[in-house]
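Novice: Got a structure here, written out as structure tokens. Questions coming.
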Amino acid sequence: MDKATLNRRAGTVGGIYGAIGAAILILGAIAAVIGFIQAIVIADDVLVGILAGLFTALVIAVSAVVSWAGVQMFALVARYIEWRSGEGF
């Protein structure tokens with residue numbers, strides 16, 4: 001594979017991983033809000049529902065951020081390959 005092809009493919013892969021990362025954050029935020037609302041609706045006591053909702057939203061948000069960070073690592077590697085296979089090297 002020549003450098004131009006490698007550069008183009010690495011750029012494409014980096015863009016795909018960037019889009020996947022954005023989708024993970026958006027879906028994670030939506031899931032956190034839904035989990036918060038669901039916990040409030042299901043609970044018998046309002047305070048317990050709010051606490052359970054906050055905990056649920058926190059767990060979902062942390063999971064989404066960790067997943068996003070993993071995808072961003074792959075995007076960073078792809079962008080680095082794109083940079084190293086560019087014209088300057």
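Novice: Using the alpha-carbon atoms, what tilt in degrees (0 to 90, nearest 10) does helix 46-84 show relative to the longest principal axis of the chain?
Specialist: That helix lies at roughly 0 degrees to the long axis.
Novice: In whole Å, what is the distance between the alpha-carbon centres of the stretch 1-18 and the stretch 27-54?
Specialist: 41 Å
Novice: So for the pair Leu27, Asp44, with labels modelled 7 Å out along Cα→Cβ, what separation do we get in nm?
Specialist: The modelled label-to-label distance comes out at 3.6 nm.
Novice: With N set to the number of residues, divide the alpha-carbon radius of gyration of the chain by 2.2 N^0.38 Å and report two decimals.
Specialist: Details: Rg = 19.6 Å, N = 89, 2.2 N^0.38 = 12.1 Å.
Normalised by 2.2 N^0.38 Å, the Cα Rg of the chain equals 1.62.
Novice: Relative to the longest principal axis of the chain, what angle (0 to 90°, nearest 10) does the C-alpha long axis of helix 3-42 take?
Specialist: Once rounded, the angle reads 0 degrees.
Novice: Turning to a different aspect of this structure: Given only helices, namely DSSP H runs of n ≥ 4 each adding -39500 (n - 2.57), what is the per-residue ellipticity at 222 nm of the chain, to the nearest 500 deg cm²/dmol?
Specialist: On the way: 2 runs with 79 residues, N = 89.
Computed ellipticity for the chain at 222 nm equals -33000 deg cm²/dmol.
Novice: Quick check: pseudo-label points 7 Å beyond the Cα along Cα→Cβ at Leu58 and Thr5, how many nm apart are they?
Specialist: If labels sit at Leu58 and Thr5, their model points lie 5.2 nm apart.
No lab work stands behind these numbers, since they all come straight from the coordinates. Everything numeric here is computed off the predicted structure, so don't read it as measured data. Don't worry about glycine lacking a Cβ; one is built from the backbone with ideal geometry, like all the others, and counts go over all protein chains shown.
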